[in-house]
Amino acid sequence: MKLNRLERMLEKLEGFSNPSPRLEQYRTPAPLAARLLFHAALKGDIEGRRVCDIGCGTGILAIGAALLGAREVVAVDVDRTALEIARRNAGRAEVEILFLQADIADPAIPDLIEPCDTVVMNPPFGAQQVHADRPFIDAALTIAPVTYGIFNTGSRSFISSYLTGRAEIDEVIGGLLPIRRTFAFHRDEVREIPVEIMVLRRRDA
Ligand code: SAH
């Protein structure tokens, strides 16, 4: 599948109906999601692989991975309403995804999710709850040897030190995340936040 076709398909998916600021529910725009997925696919980390999307929200990354030929896709979110939308989106895109409602900070996560080849994620940046991204990094490292994640530009050195020898930042790709006015505390109609797609590779990988 070509990049722009993937982008067009992802663009059609339904977004959050009533996004929660506490859970930092922002949908990844289709061009950024397609970029992350295409990059992972070029590296051989999607097709034929078992892929897990943590904090899947309305499912854009999970569905894109399935469209690019992942063998199996597991998608996890704590929010039941988001998962309902994600299920509908998967149905419309005609892909099969195993959805799981769980808190990624739950210590039982390694027992709930079988090991995967690749994690994809656009986790909370920790703008509302400090360090909200940390349990995502921890879970990603237990689930798969390689993770493609979207992070705030400028967080690289924090992430790098948080990895503490468990994994390395293998690659960093710059991008922009346009955030439309979603919550009352948003002042601008659209604000573009510089983000980085980071590839985290576990030391044993
Ligand atoms: N990955 C989606 C959604 C990004 S928004 C996309 O790319 O469009 C971040 C998502 O993380 C939200 O859906 C939110 O419900 C979920 N989330 C936040 N904290 C979580 C937690 N502790 N456990 C599981 N999911 C969580």
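The values are calculated or read from the model by the stated rules, or taken from the named source; none is laboratory data. In this text, all values refer to a predicted model and were calculated from it rather than measured experimentally. Note: ideal-geometry Cβ built from the backbone for every residue, glycine included; neighbour counts use all protein chains shown. Calculation scope for accessible area: heavy atoms of the full protein, side chains included, ligands and nucleic acids excluded. Shrake-Rupley method; radii C 1.70, N 1.55, O 1.52, S 1.80 Å.
Structure data summary
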item: For region 188-202, 3J(HN,Hα) per residue [Karplus equation, 6.51 cos²θ - 1.76 cosθ + 1.60, θ = phi - 60°, Hz, x = Gly/Pro]; result: 8, 4, 9, 10, 9, 9, x, 10, 10, 8, 10, 9, 9, 10, 5
item: Centroid-to-centroid separation of region 174-201 and region 28-102 [C-alpha atoms, Å]; result: 20
item: Nearest-0.05 FRET efficiency for residue 191 and residue 12, computed from C-beta distance (R0 30 Å); result: 0.80
item: Choice from 11, 94, 189 showing the highest fluctuation, given a GNM over the chain with Cα pairs closer than 10 Å; result: 189
item: Per residue solvent-accessible surface (Å²) - the chain, probe of 1.4 Å; result: 50
item: Cβ-defined net charge surrounding residue 166, 10 Å radius [Lys, Arg +1; Asp, Glu -1]; result: -1
item: Residue-wise HN-Hα coupling along region 125-130, computed from phi with Karplus coefficients 6.51, -1.76, 1.60 (Hz; x: Gly, Pro); result: 7, x, 6, 9, 10, 4
item: Under 5 Å, built H, 5+ apart or other chain: amide partners of residue 167; result: 203
item: Residue-averaged [θ]222 nm for the chain, counting only DSSP H segments that reach four residues, each worth -39500 (n - 2.57); result: -9500 deg cm²/dmol
item: Charge sum, other residues only, whose C-beta stays under 15 Å from residue 55's C-beta, Lys/Arg counted +1 and Asp/Glu -1; result: -4
item: Unpartnered cysteines - no second Cys beta carbon under 4.7 Å - across the chain; result: 56
item: Distant-in-sequence amide H partners of residue 133 (H built 1.01 Å from N, under 5 Å); result: 126
item: Prolate/oblate/rounded call for region 159-205, Cα gyration tensor, a/c under 1.5 rounded; result: prolate
item: Prolate/oblate/rounded call for the chain, Cα gyration tensor, a/c under 1.5 rounded; result: rounded
item: Gaussian network model of the chain, Cα within-10 Å springs - most flexible of 15, 165, 69; result: 165
item: Phi-based couplings in Hz for region 85-90 (Karplus 6.51, -1.76, 1.60; Gly and Pro marked x); result: 5, 4, 4, 5, 4, 5
item: Cα shape, region 57-116, gyration tensor, a/c 1.5 rule; result: oblate
item: Carbon + sulfur, % of accessible area of region 108-200 - ligands and nucleic acids excluded, 1.4 Å; result: 50
